[in-house]
Amino acid sequence: MEEFHKVRRLPQYVFEQVNRLKASARAAGADIIDLGMGNPDLPTPKAIVDKLCEVVQDPRTHRYSSSKGIPGLRRAQAAYYARRFGVKLNPDTQVVATLGSKEGFANMAQAITAPGDVILCPNPTYPIHAFGFLMAGGVIRSMNVEPDDSFFGPLERAVRHSIPKPLALIVNYPSNPTAHVASLDFYKDVIAFAKKHEIIVLSDLAYSEIYFDENNPPPSVLEVPGAIDVAVEFTSMSKTFSMPGWRMGFAVGNERLIAALTRVKSYLDYGAFTPIQVAATHALNGDGSDIAEVRNVYRRRRDVMVDTFGKAGFEVPPPAATMFAWAKIPEKFRHLGSLEFSKLLVEKADIAVAPGIGFGEMGDDYVRLALVENEHRIRQAARNLKRFLSSADETMHNVVSLNAHR
């Protein structure tokens with residue numbers, strides 16, 4: 001039977017191949033150390049859980065909620081932006097709650113995209129940035145992900161050679177998967193470019209609070225004077241407060257774009273469960289100590305991974321932010337590509353990672369390592385990795401022989 005049109009536009013979800021192999025290995029009794037999915041293992045802070053439990057006792061909160069977010073939650077998000085970035089937002093017209101930043105991006109794509117619209121998207125990047133627009137009928141033009149001067153040459157060429165002119169530019173810093181962090185000066189150039197060419201800027205700031213240089217927290221694109229004329233920014237509580245399953249995020253910024261997203265959402269959902277919204281409000285209005293502890297846990301795990309994996313023979317550049325490391329595949333295995341290398345790690349080292357090809361073809365020389373196992377397990381992964389790499393010649397001989405007989 002022929003696939004539906006929108007399904008045909010989506011490539012195979014490469015992460016699923018690693019997930020199937022991982023599940024099969026576990027079923028056979030293997031102890032797989034899972035550094036693949038960015039699924040926080042830390043518990044949601046007790047005060048947030050307690051607030052949820054308190055509010056859920058009130059049966060009035062069991063009714064349909066507000067699609068755009070209850071007023072107190074939107075005010076709390078506006079207050080967070082004022083404290084953290086010095087950005088003033090109107091909670092009624094410039095803030096909307098979303099069911100995580102992923103849903104926010106996908107629904108924004110539905111709200112603003114006409115068939116054939118060109119979207120400038122970094123490569124590699126988090127899949128929804130591209131596929132949300134593909135599902136909405138858009139066309140993706142891949143851009144360099146490095147937040148430096150090399151970013152703008154391809155942008156200028158894209159504007160000159162794209163028909164129709166690009167509708168929107170996506171930026172994602174701190175980046176998933178590369179962990180690159182952008183400067184405020186870079187954002188100033190982005191906004192100047194967007195205004196010059198009348199392009200919308202969509203910024204994914206989901207990792208704003210997972211950073212490791214206390215003196216240099218990642219900025220918001222909305223800190224640039226006049227950015228709100230052309231930009232919307234998406235944030236998430238999933239990583240900041242270890243609330244991934246709660247599905248709580250936000251879009252903030254340009255009123256016209258927020259109004260479009262709000263209208264689309266009003267047709268699609270009734271918002272998150274009200275007790276979740278109240279608990280999220282409580283989290284945002286907190287003193288920040290919970291966020292600092294989450295950051296410290298990831299910093300310690302990062303340092304252990306960089307040290308032990310390096311000693312095992314797999315160099316991992318220390319990420320400046322996010323809960324991920326982005327590491328180049330050892331040269332001996334690079335010709336396999338990231339998917340086959342990731343499969344080998346499951347089969348031969350009992351380690352699951354995310355293949356870089358899943359984030360775009362420009363990521364195929366890399367794998368993404370998530371800091372979602374404790375320090376003991378990360379050290380165990382390094383020992384497994386060392387054994388695997390020490391037998392690399394035999395492994396590669398077997399792989400070559402197997403492929404020759406296929």
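The values are calculated or read from the model by the stated rules, or taken from the named source; none is laboratory data. None of these values were measured; they are calculated from a predicted model. So basically every Cβ, Gly included, is an ideal-geometry build from the backbone, and we count neighbours across all protein chains shown. Just so you know, the surface numbers come from the protein's heavy atoms only, side chains and all, with ligands and any DNA or RNA stripped out. Shrake-Rupley method; radii C 1.70, N 1.55, O 1.52, S 1.80 Å.
Points worth noting:
- Residues that are open to solvent by less than 10 Å² (accessible area, probe 1.4 Å), more than 30 Å from Ala97 (Cα to Cα) and β-branched (Val, Ile, Thr) within the stretch 281-329 comprise Val316, Ile329, listed in sequence order.
- Restricting Asp213, Asp185 to residues that are within 30 Å of Val294 (Cβ to Cβ), assigned to a helix (DSSP H, G or I) and open to solvent by 50 Å² or more (accessible area, probe 1.4 Å) narrows the list to Asp185.
- Those residues of the stretch 214-238 which are among the polar types (S, T, N, Q), under 17 Å from Tyr298 (Cβ atoms) and touching a Lys or Arg at 6+ places or on another chain (Cβ under 9 Å), in sequence order: Ser236, Ser238
- Every residue from the stretch 226-277 that is free of Cβ contacts under 8 Å to residues at least 40 places away in the same chain and under 30 Å from Arg295 (Cβ atoms): Glu233, Gly245
- Here Ser220, Ser236 are screened, and the one residue that is open to solvent by less than 30 Å² (accessible area, probe 1.4 Å) and touching a Gly at 6+ places or on another chain (Cβ under 6 Å) is Ser236.
- Test: Tyr64 is of a type in the set (Ser, Thr, Tyr), touching a strand residue (DSSP E or B) at 6+ places or on another chain (Cβ under 7 Å) and not assigned by the TED database to the domain that holds Phe309: no
- Filter result for the condition that a residue is free of Cβ contacts under 8 Å to residues at least 12 places away in the same chain and either open to solvent by 40 Å² or more (accessible area, probe 1.4 Å) or more than 22 Å from the chain's Cα centre (by Cα) (or both), over Arg75, Arg20, Arg9: Arg20
- Test: residue in the stretch 175-186 that is without any contact (Cβ under 8 Å) to a residue 24 or more places away in the chain and either over 23 Å from Glu16 (Cα atoms) or within 16 Å of the chain's Cα centre (by Cα) (or both): yes
- Some residue of the stretch 186-203 being farther than 20 Å from Val159 by Cβ and not polar (S, T, N, Q): no
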